[in-house]
Amino acid sequence: MRVREWSNRLSTAHSRASVKPVYRSESNGSEQRHETTAPGILKNEIAMEWINIIIQGVLIGGLYAMFAAGLALIFGVMRLVNIAHGDLIVLAAYIALMTSDTLGLNPLLAIIVVVPIMAAIGYGLQRALLNRTLGDDVLPPLLVTFGLSVIIQNALLEFFTADSRRLRAGAIEVASFPLMEGVWIGVLPLLQFVVAVVVIGALQVLFYRTAFGRAFRATSDDQSVAQLMGLDNRHVFALAMALSLAIVAVAGVFIAVRTNFDPAIGPARLIFGFEAVIIGGLGSMWGTLAGGIILGVSQAIGAQINPGWQLLAGHLAFLLVLALRPEGLFPKVKG
Amino acid sequence: MPEPLLDLRALDAFYGDFQALFGISLDVAAGEVVAVIGANGAGKSTLLKCIAGVIASRHEAILFDGEPIGDVPAHAVVARGIALVPEGRHLFSSLSVEENLLIGGQLGRPGPWRLSRVYELFPALCERRHAPSTLLSGGEQQMVAIGRALMSNPKLLLCDEISLGLAPIVVRELYARLPSILAEGSSLVIVEQDIVQALKAANRVYCLQEGRVALTGSAATLTREAISAAYFGV
């Protein structure tokens, strides 16, 4: 499964943002000139290649930040570690697949349908199930979401089989434009990154500038006193989960357009999300974005050195941050 | 006699198997200040928590505005017009002063208390409105806690030990604001360790001892001897 995913990523990376070798455009020059300039051109080519890798890493980092934002939100508001987060991303991808199949919508437009569906699932899930697990003990919610993860994976397997699926978004999938000489940017990865930045920015504003966010922060600070303000914890938590799964829906659609997916890929997305949260710290949503980008760039660099090192490089970057700055790069300021 | 605003009828309260209150009967008329005094562990805070809905009790044990609210959860009790200033203030540490006040008013109950009116009552808070609530002095924090409760425009304000840990001059200043709060139409229940302060501020006093009402009467007529007898159970 892993090998197929990598090869798919590598091939899409090449087709969408290939390094246009510099020497080709200059090869009509004389033999003599080519020889004298060859080392310079080679250096230039290598530089272009690395710039390209880092840009690709940054762009995929936006996706990781979206995985992470939902996790961070839930943990921040109700101290719930949602083990099923990755599988909910995959569920969103399948809902997008069904929506675009039945309604004939472009997958990117399917977001409009998938977001409210996932938000409703989130609200219902929290009210009906997860609220009952919350208490002084952190273990019950952990076990219940773990069970939920297994259930979602198997339900998806039952309905959609283990076949690898993909959402077809049309010409936008392979569209790209040159950023500079030798560096091409895929329109889809760029769109995904811009959406991620907008989502993170909107979350930041929502959290720190609106009554909604105030209620989240107050409940996070002190649940029992928040109730004295007329805030119903069960409702606030359900709203937080709805918001988390709305972000999951956006991430799920992008992952479904970008790579192949099957019912078993959820846990790996969960790990990426966790790593981005921990690298970024819980202080701000922008930290989460930074965490996603650092993870994405590390993976891209690892993959460049050796295709088998993509995940390893991400995990190493994560371990490095955990060892040197366990509170993350943008920690929560203690009052 | 008009129906009391708050009427407790044989209220019992439990923490698990431990019974903290035994058959408390207490009433508060509209516009009245009632002080609840007693030694540590007498059940004063528990009593306020029951009224505010933090601790659930028997449906009929608490009547507010003639309606039973004993088993109504805390967030719905606020909506009916009872606000609690919790012991130890418990401000939201990641919210600024103004955000703390705003969240108190988030239900949007109509009434005289809004941000500007709270700042009028506590001018010190207006200057520090954007400061994190944790950077305030104890007295200022207590003002925020009271202001936050007022923002819900309560008919009944419950104050749990507002003098706790504060300098006497600050306590006097806080108590000096109570008449303005009464004037806006709220009734008050104050729980206080500081008996002198409580007697001065209150119309009537209830003295609790080991979860039972040991003494009750008007603040003006109770003798010090009667109070210390009820307080210490001698």
Review point. Per q in 0.09 1/Å, what log10 I(q)/I(0) does a Debye calculation on the alpha-carbon atoms of segment A:2-324 return?
Key: -0.49
Study note, to complete from the structure: One finds the C-alpha centres of segment B:1-68 and segment A:257-324 to be spaced, in Å, by 54
**Study point:** For segment B:167-175, Karplus couplings with θ = phi - 60° (6.51, -1.76, 1.60), whole Hz, Gly/Pro x
**Key:** 5, x, 5, 5, 4, 4, 5, 5, 5
Review point. Which angle from 0 to 90°, rounded to the nearest 10, does the C-alpha axis of helix A:139-160 make with the longest principal axis of chain A?
Key: 60
Practice item. Tabulate in residue order the Karplus-calculated ³J(HN,Hα) for segment B:38-48, using 6.51 cos²θ - 1.76 cosθ + 1.60 with θ = phi - 60°, rounded to whole Hz; enter x for Gly and Pro. Key: x, 6, 4, x, 6, x, 5, 5, 4, 4, 5
Point to revise | Cα centroid separation - segment B:202-234 against segment A:209-231, whole Å | key: 37
Check your understanding: Can you sort B:Phe14, B:Phe232 by how many other beta carbons sit within 10 Å, fewest first?
Key -> B:Phe232, B:Phe14
Check your understanding: Points 7 angstrom from Cα along the Cβ direction at B:Ala79 and B:Tyr15: gap in nanometres?
Key -> 3.0
Point to revise | 222 nm mean residue ellipticity, helices alone, for chain B (DSSP H n ≥ 4; -39,500 (n - 2.57); rounded to 500) | key: -9000 deg cm²/dmol
Study note, to complete from the structure: Under the Karplus relation with 6.51, -1.76 and 1.60 and θ = phi - 60°, whole-Hz ³J(HN,Hα) for segment A:274-285, x at Gly and Pro, equal 4, 4, 5, 4, 6, 4, x, x, 9, x, 8, 5
Revision key, fill the gap. Rounded to the nearest 10, the angle in degrees between the Cα long axis of helix A:31-78 and the longest principal axis of the Cα atoms of chain A comes to 0
Revision key, fill the gap. The answer for B:Val85, listing residues at least 5 apart or on another chain whose modeled amide H is closer than 5 Å to its amide H, is B:Leu158, B:Cys159, B:Asp160
Practice item. Hey, can you grab everything whose amide H is under 5 Å from the amide H of B:Gly217? Only 5+ residues off in sequence or another chain; H modelled, so Pro and N-termini drop out. Key: B:Val205
Check your understanding: Hey, fewest Cβ within 10 Å first, where do B:Cys159, B:Cys126 land in order?
Key -> B:Cys126, B:Cys159
Exercise for review: Compute the FRET efficiency between A:Val138 and B:Cys126 as 1/(1 + (r/R0)^6), taking r as their Cβ-Cβ distance and R0 = 30 Å, and round to the nearest 0.05.
Suggested key: 0.15
Revision key, fill the gap. Cross-link reach from A:Lys43 to aspartates and glutamates, straight Cα distance under 18 Å and at least 8 residues apart if same chain, gives A:Glu26, A:Glu35, A:Glu181
**Study point:** Percent RCO, i.e. relative contact order, over chain A, from Cα pairs under 8 Å lying at least 6 residues apart
**Key:** 32
Check your understanding: Sorted from fewest to most neighbouring beta carbons within 10 Å, what does the list A:Val195, B:Val28, A:Val187 look like?
Key -> A:Val187, A:Val195, B:Val28
Practice item. Can you tell me the FRET efficiency between A:Asn306 and A:Glu45 if r is taken as the Cβ-Cβ distance and R0 is 22 Å, rounded to the nearest 0.05? Key: 0.65
Revision key, fill the gap. Taking the alpha-carbon centre of each part, the distance from segment A:101-130 to segment B:112-161 in Å is 42
**Study point:** Eligible aspartates and glutamates near B:Lys200 by straight Cα distance, threshold 14 Å, same-chain separation 8 or greater
**Key:** B:Glu32, B:Glu173, B:Glu192
Review point. Which value in deg cm²/dmol, rounded to the nearest 500, describes the helix-derived mean residue ellipticity at 222 nm for chain A, given -39,500 (n - 2.57) per DSSP H run of n ≥ 4 and division by the residue count?
Key: -25000 deg cm²/dmol
Point to revise | Ellipsoid semi-axes in whole angstrom, largest first, where each is sqrt(5λ) of the Cα gyration tensor of segment A:208-335 | key: 32, 20, 11
Check your understanding: Where a Cα-Cα gap under 14 Å defines reach, which aspartates and glutamates qualify for B:Lys49, not counting those fewer than 8 residues away within the same chain?
Key -> B:Asp12, B:Asp71, B:Glu87, B:Asp160, B:Glu161
Point to revise | Beta bridges per DSSP with both ends in the protein assembly as shown, % antiparallel, nearest 5 | key: 55
Practice item. Can you check what the net charge comes to around B:Phe92, using other residues whose Cβ is under 12 Å from the Cβ of B:Phe92 (Lys, Arg +1; Asp, Glu -1)? Key: 0
Practice item. Pull up all non-local amide H partners of A:Leu179: gap of 5 or more, or a different chain, and H-to-H distance under 5 Å with H placed in the peptide plane. Key: A:Trp184, A:Ile185
Review point. Per residue, what volume in Å³ does the Cα convex hull of the protein assembly as shown take up?
Key: 188
**Study point:** Spherically averaged projected area of segment A:67-173 from its Cα convex hull (nm²)
**Key:** 7.5
Practice item. Work out which GluC sites (Glu not before Pro) in chain A are exposed loop sites (DSSP not H, G, I, E or B, at most 14 other Cβ within 10 Å) and give the longest gap free of them. Key: A:1-180
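Every number here is computed from the coordinates shown, using simple stated rules; none is lab data. Note that the structure is predicted; figures quoted are calculated from it, not measured. A quick note on method: Cβ atoms are made from the backbone with ideal geometry, for glycine too, and the neighbour counts reach across all protein chains shown.
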